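The values are calculated or read from the model by the stated rules, or taken from the named source; none is laboratory data. Quick caveat: nothing in here was measured; it's all calculated off a predicted structure. Cβ atoms come from the backbone with ideal geometry, glycine included; neighbour counts cover every protein chain shown.
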């Protein structure tokens with residue numbers, strides 16, 4: 001078990017992807033992480049694609065969680081962070097290439113290793 005997996009235990013994990021269904025599911029199986037996710041939502045299968053806020057709301061409804069209690073991490077500011085925030089989630093931009101400017105709103109992480117600390121911080125603020 002990795003450090004990230006350990007710190008995220010107790011949280012439901014899900015995926016929202018615009019990628020081709022067969023390709024996305026094959027990646028998850030090949031990497032051996034498919035079992036880590038309670039829910040996998042692929043735009044090709046549900047007929048809604050990012051950046052539509054409806055895809056984020058659909059995922060929240062499917063797992064029975066209110067958007068305000070949901071954190072969404074994605075590597076595209078325009079397709080992930082902004083629209084998930086408009087849907088009421090805590091949208092986190094995974095900026096692996098250091099492209100952030102003053103125009104980009106937090107939270108922003110540069111790698112998934114930062115995610116457990118961010119989750120802990122948000123959880124503590126919510127009390």
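Looking at (1) under 22 Å from residue 8 (Cβ atoms); (2) touching a helix residue (DSSP H, G or I) at 6+ places or on another chain (Cβ under 7 Å), which one does residue 27 not meet, given that it meets all the others?
(2)
So which residues in region 30-45 are touching a helix residue (DSSP H, G or I) at 6+ places or on another chain (Cβ under 9 Å) and farther than 26 Å from residue 118 by Cα?
Hits for region 30-45 are 43, 44, 45.
If residue 51 satisfies every condition in (1) assigned to a loop (DSSP other than H, G, I, E, B); (2) surrounded by fewer than 16 Cβ atoms within 10 Å (Cβ to Cβ); (3) in contact (Cβ under 8 Å) with a residue 12 or more places away in the chain but one, which is the exception?
(2)
Would it be correct to say that residue 44 is surrounded by 13 or more Cβ atoms within 10 Å (Cβ to Cβ), over 12 Å from the mean Cα position of the chain (by Cα), modelled with pLDDT of 95 or more and part of a helix (DSSP H, G or I)?
It is true that residue 44 is surrounded by 13 or more Cβ atoms within 10 Å (Cβ to Cβ), over 12 Å from the mean Cα position of the chain (by Cα), modelled with pLDDT of 95 or more and part of a helix (DSSP H, G or I).
Is it the case that some residue within region 21-40 is within 23 Å of residue 108 (Cβ to Cβ), surrounded by fewer than 18 Cβ atoms within 10 Å (Cβ to Cβ) and out of contact with any strand residue (DSSP E or B) (no Cβ under 6 Å at 6 or more places or on another chain)?
no
Give me the residue from region 69-84 that is in a helix (DSSP H, G or I) and either touching a helix residue (DSSP H, G or I) at 6+ places or on another chain (Cβ under 9 Å) or at positive phi (or both) and, out of that set, modelled with the lowest pLDDT. Give the derivation first.
Step one: of region 69-84, the residues in a helix (DSSP H, G or I) are 69, 77-84.
Those left that are additionally either touching a helix residue (DSSP H, G or I) at 6+ places or on another chain (Cβ under 9 Å) or at positive phi (or both): 69, 83-84.
Details: 69: 94, 83: 98, 84: 98.
Looking at residues that are in a helix (DSSP H, G or I) and either touching a helix residue (DSSP H, G or I) at 6+ places or on another chain (Cβ under 9 Å) or at positive phi (or both), I get 69.
For residues that are over 16 Å from the mean Cα position of the chain (by Cα) and modelled with pLDDT of 95 or more, scanning just region 4-24, find the one that is farthest from residue 92 (Cα to Cα).
Among residues in region 4-24 that are over 16 Å from the mean Cα position of the chain (by Cα) and modelled with pLDDT of 95 or more, the one farthest from residue 92 (Cα to Cα) is 22.
Can you name every residue in region 79-98 that is touching a residue at least 12 places away in the same chain (Cβ under 8 Å), under 17 Å from residue 109 (Cβ atoms) and out of contact with any strand residue (DSSP E or B) (no Cβ under 8 Å at 6 or more places or on another chain)?
Matches in region 79-98: 79, 96, 98.
Residue-wise test of (1) under 19 Å from residue 48 (Cβ atoms); (2) surrounded by 13 or more Cβ atoms within 10 Å (Cβ to Cβ).
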{"site": "64", "(1), (2)": "yes, no"}
{"site": "68", "(1), (2)": "no, no"}
{"site": "71", "(1), (2)": "no, yes"}
{"site": "76", "(1), (2)": "yes, yes"}
{"site": "82", "(1), (2)": "yes, yes"}
{"site": "89", "(1), (2)": "yes, yes"}
{"site": "100", "(1), (2)": "no, yes"}
{"site": "103", "(1), (2)": "no, no"}
{"site": "109", "(1), (2)": "no, yes"}
